[in-house]
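The values are calculated or read from the model by the stated rules, or taken from the named source; none is laboratory data. None of the values given here were measured: they were computed from a predicted structure. Please note: Cβ atoms are built from the backbone with ideal geometry, for glycine as well, and neighbour counts cover all protein chains shown.
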Amino acid sequence: MKNFEIFNSKNMKKPFLILFFFISFLSSAQKKETVTIPKGVVYKYADAKIIEKAKKLISDNLSENNDYKILQNNLIIGPELWKRFKANEKIQKIEGGAVQFHVDDLILDGKMCQDITDTKIVWDEFKNEVSNQFIIRKANELELAYYWSVISFDIEEPLLIVETKEHNYILNLLKKDLKLLWLDEAPKTNYIRVPGKIYQNGNEIESVSEGIKETRLEKVVFLNSDAELAENSSLEDLQLIIQKTDKIFDELFKNSMKSGKIMVEFELKKKKNEITYAVKDDLDLDIMKEFEKRVNSEQYPNSKNDPIKLQLIYKVNSFNDTE
């Protein structure tokens, strides 16, 4: 009888475990909140527990006991939110990090923070706007369509909306550590694109503001479509390229007394990248020579398949280009 009982328990355990995991799987699947995904948009779901954890993290960091655990050094402010935030006096003090988004025939400006002190400034202003009256939810179809039109990578949860009476904010967190990657605002109406005109921050303009005379990264220009960038690179790789080059530029040119512009063009290929340079005006060519040497010695990410290009435009004791 003893042997029979052991034999019987082994045979009963297997179907019991299968049934247990099957029920657990169904329970987990039922908890996942789905969204309406626009045609052509790539949207990757995260586990329901991760979403709830992200919601709590956002809520906690919008409270009076904010500990900034949601933040990292890098944070992108999307073009819709940047329309308003660019006028904020505190945010205006953040140096560098100008970003341009090429959306069909629109050229939209944004901002990329590259230091935790700067990301805290942005978060504090965002927190002040939100106040205590908000809900946190997943994005709707229109909000996803807008976000997809701006970014150059697949949408991956946690992607959440902080909805207030006045604004619907888009927050995209990294799944691996729940750090905030992207902060933007969903338009209240349809996102309209009009070809054949010049736009800055989504508004039609006749010329670009020359800004102030300074030494920093002026703008980043992507020379591929969003689809090409998404297929052949990642936001993390592009950020790494910008950060490495920015660091070398700051170290070499921050005390330069001469004026000029530098264009660094990266062509990322599957096997060997190519970097080309162009300068104009009265730039210190000795420093430029060292700049090229150090940039060329760095290891940069390669393209996954097809080549992609991006340009980093730096100004040294100069104004912005207005053409």
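Exactly one residue among N296, N305, N255 is loosely packed, with under 13 Cβ neighbours inside 10 Å and assigned to a helix (DSSP H, G or I), and that residue is N296. Within region 223-233, if we keep just the residues that are among the small types (G, A, S) and part of a helix (DSSP H, G or I), the residue that is nearest to the chain's Cα centre (by Cα) turns out to be A230.
Looking for something assigned to a loop (DSSP other than H, G, I, E, B) and either outside the structural domain of G78 (by TED's automatic domain parsing) or on the phi > 0 side of the Ramachandran plot (or both) - is there at least one such residue anywhere in region 238-247? Quick ask: steps written out before the conclusion?
Start the filter on region 238-247 by keeping residues that are assigned to a loop (DSSP other than H, G, I, E, B), which leaves none.
Checking region 238-247: not a single residue is assigned to a loop (DSSP other than H, G, I, E, B) and either outside the structural domain of G78 (by TED's automatic domain parsing) or on the phi > 0 side of the Ramachandran plot (or both).
If you check V279, V264, V220, V316, which single one turns out to be at pLDDT 90 or above, hydrophobic (A, V, I, L, M, F, W, C) and within 24 Å of the chain's Cα centre (by Cα)? Let's see the steps before the verdict.
Working: V279 fails: within 24 Å of the chain's Cα centre (by Cα); V220 fails: at pLDDT 90 or above; V316 fails: within 24 Å of the chain's Cα centre (by Cα).
Just a single option satisfies the conditions, and that option is V264.
Of all residues in region 251-276, how many are touching a residue at least 40 places away in the same chain (Cβ under 8 Å) and not polar (S, T, N, Q)? Result for region 251-276: 13.
Yes/no matrix, rows are residues, columns are (1) in contact with a Cys (Cβ under 9 Å, 6 or more places away or on another chain); (2) of a type in the set (D, E); (3) over 21 Å from E236 (Cβ atoms):
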{"site": "E33", "(1), (2), (3)": "no, yes, yes"}
{"site": "Q72", "(1), (2), (3)": "no, no, no"}
{"site": "L81", "(1), (2), (3)": "no, no, yes"}
{"site": "N132", "(1), (2), (3)": "no, no, yes"}
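Residues being loosely packed, with under 14 Cβ neighbours inside 10 Å and touching a helix residue (DSSP H, G or I) at 6+ places or on another chain (Cβ under 7 Å) are entirely absent from region 258-267. Picking from residues in region 72-84 that are farther than 16 Å from L180 by Cα and surrounded by 20 or more Cβ atoms within 10 Å (Cβ to Cβ), the one that is modelled with the highest pLDDT is W82.
Among the residues making up region 308-323, a single one is surrounded by fewer than 19 Cβ atoms within 10 Å (Cβ to Cβ) and under 15 Å from D246 (Cβ atoms): Q311. Can you find a residue in region 172-181 that is at pLDDT below 90 and not in a strand (DSSP E or B)? No, region 172-181 has no match at all. When E236 is tested against (1) under 26 Å from the mean Cα position of the chain (by Cα); (2) in contact (Cβ under 8 Å) with a residue 12 or more places away in the chain; (3) surrounded by fewer than 17 Cβ atoms within 10 Å (Cβ to Cβ), exactly one condition is not met: (2). Taking each residue of region 34-49 that is among the charged types (D, E, K, R) and looking for partners that are assigned to a loop (DSSP other than H, G, I, E, B) with beta-carbon atoms closer than 8 Å, six or more apart or interchain, yields K44/D154; K44/E157; D47/K32. From the list E95, E64, the lone residue that is free of Cβ contacts under 8 Å to residues at least 60 places away in the same chain and either assigned by TED's automatic domain parsing to the domain that holds K175 or within 16 Å of D246 (Cβ to Cβ) (or both) is E64.
Taking region 273-293 as the search range and keeping residues that are assigned to a strand (DSSP E or B) and of a type in the set (V, I, T), which one is nearest to E236 (Cα to Cα)?
The first filter runs over region 273-293 and keeps only residues assigned to a strand (DSSP E or B), leaving 274-280.
Still in the list and also of a type in the set (V, I, T): 275-276, 279.
Working: I275: 19, T276: 22, V279: 27 Å.
Top of the filtered list is I275.
When D184 is tested against (1) closer than 18 Å to V99 by Cα; (2) modelled with pLDDT under 95; (3) acidic (D, E), exactly one condition is not met: (2).
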